[in-house]
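Read the structure below first, then the notes.
The values are calculated or read from the model by the stated rules, or taken from the named source; none is laboratory data. Keep in mind that this is a model prediction, so the values were computed, not measured. Here Cβ is always computed from backbone atoms with ideal geometry, including for glycine, and neighbour counts include all displayed protein chains. These area figures cover heavy atoms from the full protein model, side chains too; ligands, DNA and RNA do not enter into them. Shrake-Rupley method; radii C 1.70, N 1.55, O 1.52, S 1.80 Å.
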Amino acid sequence: MATETTVKGINAGQLEAFNKQYAAAPAKFTLGLQAKTTWEGRGLGNLGKVGKWTLGGQPIEKPTRDFSVQLGSWKEVGDAIGVEGADDRIEPVEAALLALCSCMTEAITLNCARTGAPLEGLEVSAKIDVDPGPIIGVKDPSDWNNSLKAINVDVTARGKLSEQQRKMVEEGAKRSPVHHIFSSGKQVKSTFHYES
């Protein structure tokens, strides 16, 4: 394990100590994550919120940790499908791709710091083509199995990396939980509640 800082901003020795604590009691480090969106009551706009979470089952709530993002659709799409007062928002699929890229960036960076790979720069981008048929009701939702088959992810790592260190970059990408969610076909269990 690396003990020197080979990646700016990450103390590899502290990371190694954390990993030892984790190995001794993994349940204490389970992260309970959640997100919520609330429809704004018209059009496609909704407000996404992230705030409280848990660490090893213990709630972590801070009054200042309340992140919000406006989600929805693009003005041009909204106009085309009849959304009154359409405006530009971050589209949810774009947000999902952004989460994938960000998580892979973190996982690669941590893996390089942990293994001593001298990472100097990193860019991760993701691209997918989406047929809107199922979401607008022209096609059955099962069509997503045909139209959403591949996400193209492009990773550019900078630094004087040996062949072994390049493998650590690639291994790091596989350590990303969001990469795993996207690539493993996880079951989504939806529960519906109705209020009047």
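For the chain, adding -39500 (n - 2.57) for each run of n ≥ 4 DSSP H residues and dividing by the number of residues yields -11000 deg cm²/dmol at 222 nm.
Carbon and sulfur together cover what percent of the accessible area of the stretch 69-180 at a 1.4 Å probe radius? The nonpolar share, carbon plus sulfur, comes to 53 percent. Surface analysis of the chain yields an accessible area of 72 Å² per residue, using protein heavy atoms and a 1.4 Å probe. In terms of distances greater than 18 angstrom between alpha carbons, the cross-link table entries 8/160; 20/186; 36/189 yield 20/186.
The angle between the Cα long axis of helix 12-24 and the main principal axis of the chain comes to about 80°, on a 0 to 90 degree scale.
Net charge near residue 68, counting Lys/Arg +1 and Asp/Glu -1 over other residues with Cβ under 13 Å of its Cβ? Neighbourhood net charge equals +2. In this label model, residue 184 and residue 76 are separated by 3.7 nm, measuring between points 7 Å along each Cα→Cβ vector. Calculated from the structure at hand, mean projected area of the Cα convex hull in nm² is found among (1) 14.9; (2) 11.1; (3) 11.8 as (1).
Can you tally the net charge around residue 160? Count Lys and Arg as +1, Asp and Glu as -1, for every other residue whose Cβ sits under 13 Å from the Cβ of residue 160.
Numbers: positive: 158, 166; negative: 120, 163.
Result for the neighbourhood of residue 160: 0.
Normalised by the residues of the chain, what does the relative contact order come to in percent, with Cα pairs under 8 Å and at least six apart?
Values: 293 pairs, mean separation 37.0, N = 196.
Over the chain, the number comes to 19 percent.
Between 100, 44, 33, the residue with the greatest mean-square fluctuation in the GNM of the chain (Cα pairs under 10 Å linked by springs) is 33.
As I understand it, the value is the acute angle between the Cα axis of helix 92-115 and the longest principal axis of the Cα atoms of the chain; what does it come to in degrees, rounded to 10? It is inclined by approximately 0 degrees.
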